Each structure stands twice: as C-alpha cells, then as structure tokens.
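Notes follow once the structure below has been shown.
The values are calculated or read from the model by the stated rules, or taken from the named source; none is laboratory data. The structure displayed is predicted, hence computed values, not measured ones. Neighbour counts are summed over all protein chains in view; Cβ atoms, including those assigned to glycine, are modelled from backbone coordinates with ideal geometry. What goes into the accessible areas is simple: the full protein's heavy atoms, side chains included, and nothing from ligands, DNA or RNA. Shrake-Rupley method; radii C 1.70, N 1.55, O 1.52, S 1.80 Å.
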Amino acid sequence: MRRSSFIIHHSSFGLLCAALTTIATPAAPQQYPVRPIRLIVPSTPGGSVDTLARSIGPRLSERWGQQVIVENRAGAGGAIAAETTAKSPPDGYTLMLGTIASLAANLSLQKKLPYDPVRDFAPVTLVATQNLMLLIHPSVPAKSVKELVRFAKAQPGKLTFGSAGNGTGSHLSGYLFKQMTGNDIVHIPYKGVAPGLVDLIAGQISINIPSILSALPHAQSGRARALAVTGSTRTRAAPELPTMQEAGIKGYESMTWYGIVAPIGTPPEIVTKLSTEVAAILKQPDTHERLSREGADPVGSSPQEFGRFMQSEIEKWRKVIRTAGIQPG
C-alpha cells in the first residue's frame, strides 16, 4: 500500500514538473511572436529611419496581433543602438532597424566599436534604399551644384555641412562631395537628422545632405534650397532635381539604406519569418506606393542577400574613408 501511494505521488510530481517546464520554456519559433517586440532605431524621432520604422511597426502589429514598440536610441553614429541590440537575448523580441552607419561604416570610423556588425548580428532583411538630397540654406548664393562648388572654393573653411552623426549616410555623402570637388568644408556632426535640419533652417550651418524622406518637406516649403540628389538616377519624389553626376560631379553616387537585424543566435526560423513578413508588408501596394512617393525604394531581401549586401557595403565605405583620410575616432 505504501509502495502504491509512493507511485501515485511520484507520478503527480512528474506531471507537475512537466507543467512547470512548459510554462518556463520560451515559445517555439512557430508560435512566435507571443509578446511585444522591441524595434530599436539608431536615431532621434523624426528622421528617415524613425519614420520608416513607424511605417513598418504598425503593419507587423496588425499581422501578428502583438505590439511592435519603436525605441529611439540615438548617438555615437548608431553604436549605442547597435550595442543594445547585440547584447539583447537572441529570441526575436529585440530587433534593430540599422543603417549604413551602424551596420557598415562604423567598422572603419570607430577605434573601439562595442560590437561587430558581422559577428554580432543575424541579418534579417534589407528594407529600403534611398537617395539623399543636397540642401543649402537660402542665404548661400548658389542655385546649382556648380555654383556651390565655386562659392565654396572662393572661401575655404567658411562653409559648414551638418550630418546625422559620424558614419551616417549624410556624413559619408558630405565627405565624398568634399573629396570629389576638392573643397574645404567643415563637418559638424549631430545626434540625429532632426537637430541638423533645425540648424540648417536657422542658418547655423550652410549645407546638409539628409535622406529625401527627411529633406523633402523643408525643400518644398522653401526653408532650404535643394540642388541635387545623390543617387545614380533621379527620384520620383523630386523628379525635377538632377543627380550629382548630372549636376557636374562625374562618378558621384551615394545612397543610404536601412535593414533589420537581430542578435546573433536568433533561431533561423524566426529570422526567416521576420524577413518574409517584412517583405510582404513592403509589397503591399499602399505601403510600396507611399514609400516610393517619399523617395525610398522598398527592397525586402532574404537574410542571405542582406548579409552579402552588408559585406559589400563594409568594403565599399572602408575604401572611401581611407581615401578621404578620415581617421577613426
């Protein structure tokens, strides 16, 4: 009788352990997501990457029935956001919408980078690429890129160009402009796109080269003068603007881009699911139309394609940075 009693007790204990194990074990990848997702953005609110994140986040929330919380972590050219993401649990509940700075250029610009974009992240998808727009304050007496180049050469060191921070698309595009025109223009880095645009509009700086998404409202209002776009082709958002090459800077081409990454070790099934879902959102006619109208080119690549793209961008900008003589800080 005692033995029988023990057996019943032991079986009950086993069932209890099984139940507790089920509660403690994270949801299987096929059940993902079962709680809110944090999407970290390496910029201040109002910039192009923030705008893009807030376009994608609600659509993911609708599809999954789980909230996608956009969290702004600006500073250090995106390194703060990237380090936070890299050190998060690899469970699919912390993602980053990274940029050319945080996922490529920082390797060549920062001596003590607290993360490695190749070793510490699982690429999910390249979300979009985008032209940048060369903006100047209306007080600068130039109506074309050629006139700006002549004006800058006439007073070396007097003009300033603002960027969203070291290693960002606006920073690299500005240095490429300096390098290819031989002009001495002083770089002023900001902690994000919005502060630099505020100072450009106020006349505190002369030039800014933000993404079209951020630049267009200021160009359309007349608070800043747009001279050109930086890509190899004109943009639908402002078809009247020439490319830098058309404006006289032969060989000039610079695009910014945005891609989602997860901490390394995130289950491949979750990475694939994320990539597939984001690609589906980008293919929706209304989303594709809205982003295209604002100057972004939606992509939605596979994780493997995005990984190869990141590697090529790391090499491309390493060469530009070295040729420009930019020293890691």
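So residue 318 passes all but one of these: (1) surrounded by fewer than 22 Cβ atoms within 10 Å (Cβ to Cβ); (2) under 29 Å from residue 89 (Cβ atoms). Which condition number does it fail?
(2)
Going by the conditions given, is residue 218 touching a residue at least 24 places away in the same chain (Cβ under 8 Å), open to solvent by 10 Å² or more (accessible area, probe 1.4 Å), touching a Leu at 6+ places or on another chain (Cβ under 7 Å) and outside any loop (DSSP other than H, G, I, E, B)?
yes
Scanning for something surrounded by fewer than 16 Cβ atoms within 10 Å (Cβ to Cβ), free of Cβ contacts under 8 Å to residues at least 40 places away in the same chain and over 19 Å from the mean Cα position of the chain (by Cα), does the stretch 287-298 turn up at least one residue?
Yes.
Which numbered condition in (1) modelled with pLDDT of 95 or more; (2) more than 27 Å from residue 78 (Cα to Cα) is the only one that residue 270 fails?
(2)
Which of the residues belonging to the stretch 229-263 are under 30 Å from residue 92 (Cα atoms) and in contact with a Phe, Trp or Tyr (Cβ under 6 Å, 6 or more places away or on another chain)?
Correct list: 259, 261.
Yes or no: residue 165 more than 17 Å from the chain's Cα centre (by Cα), outside any helix (DSSP H, G or I) and on the phi > 0 side of the Ramachandran plot?
When the stated conditions are applied, residue 165 does not pass them.
Kindly indicate whether any position in the stretch 252-271 is part of a loop (DSSP other than H, G, I, E, B), under 30 Å from residue 147 (Cα atoms), more than 20 Å from the chain's Cα centre (by Cα) and touching a residue at least 24 places away in the same chain (Cβ under 8 Å).
In the first step, residues of the stretch 252-271 are kept if they are part of a loop (DSSP other than H, G, I, E, B); the result is 252-254, 264-267.
Restricting the remaining residues to those that are under 30 Å from residue 147 (Cα atoms) gives 252-254.
Imposing the further condition that a residue be more than 20 Å from the chain's Cα centre (by Cα) reduces the set to 252.
Add one more test, that the residue is touching a residue at least 24 places away in the same chain (Cβ under 8 Å), and what stays is 252.
Checked the stretch 252-271: at least one residue is part of a loop (DSSP other than H, G, I, E, B), under 30 Å from residue 147 (Cα atoms), more than 20 Å from the chain's Cα centre (by Cα) and touching a residue at least 24 places away in the same chain (Cβ under 8 Å).
Could you tell me which numbered condition residue 68 fails, if it satisfies all but one of (1) open to solvent by 10 Å² or more (accessible area, probe 1.4 Å); (2) modelled with pLDDT under 95; (3) of a type outside the set (D, E, K, R); (4) in contact with a Leu (Cβ under 7 Å, 6 or more places away or on another chain)?
Unmet condition: (2).
With the checklist (1) farther than 14 Å from residue 135 by Cα; (2) touching a helix residue (DSSP H, G or I) at 6+ places or on another chain (Cβ under 7 Å) in hand, flag the one item residue 239 doesn't pass.
(2)
So, residue 99, is that one more than 22 Å from residue 186 (Cβ to Cβ), modelled with pLDDT under 95 and either in contact with a Cys (Cβ under 8 Å, 6 or more places away or on another chain) or crowded, with 23+ Cβ neighbours inside 10 Å (or both) or not?
yes
Just checking, which of 281, 249 is assigned to a loop (DSSP other than H, G, I, E, B) and open to solvent by less than 60 Å² (accessible area, probe 1.4 Å)? First the steps, then the outcome.
Details: 281 fails: assigned to a loop (DSSP other than H, G, I, E, B).
Result: 249 is the single residue among 281, 249 that is assigned to a loop (DSSP other than H, G, I, E, B) and open to solvent by less than 60 Å² (accessible area, probe 1.4 Å).
Scan 86, 104, 128, 74 and give me the residue that is of a type in the set (A, V, I, L, M) and surrounded by fewer than 23 Cβ atoms within 10 Å (Cβ to Cβ).
Result of the check over 86, 104, 128, 74: 86.
Which of the residues spanning the stretch 147-168 are open to solvent by 10 Å² or more (accessible area, probe 1.4 Å) and either in contact with a Cys (Cβ under 6 Å, 6 or more places away or on another chain) or small (Gly, Ala, Ser) (or both)?
154, 157, 164
Only one of these is among the hydrophobic types (A, V, I, L, M, F, W, C) and either within 18 Å of residue 126 (Cα to Cα) or crowded, with 22+ Cβ neighbours inside 10 Å (or both): 274, 241. Name it.
Just a single option satisfies the conditions, and that option is 274.
Of the residues in the stretch 161-191, how many are of a type in the set (Lys, Arg) and modelled with pLDDT of 90 or more?
In the first step, residues of the stretch 161-191 are kept if they are of a type in the set (Lys, Arg); the result is 178, 191.
Within this subset, residues satisfying the condition of being modelled with pLDDT of 90 or more are 178.
Residues that pass the stated criteria total 1.
Select from the stretch 169-187 the residues that are of a type in the set (A, V, I, L, M, F, W, C) and surrounded by fewer than 19 Cβ atoms within 10 Å (Cβ to Cβ) and list them in ascending order.
Listed by number, the residues that qualify are 180, 186.
I'd like to know if the stretch 221-232 contains one or more residues that are closer than 17 Å to residue 103 by Cα and surrounded by 15 or more Cβ atoms within 10 Å (Cβ to Cβ). Break it down into steps so the answer makes sense when it comes.
Quick first cut of the stretch 221-232, residues closer than 17 Å to residue 103 by Cα only: none.
Looking through the stretch 221-232, none of the residues is closer than 17 Å to residue 103 by Cα and surrounded by 15 or more Cβ atoms within 10 Å (Cβ to Cβ).
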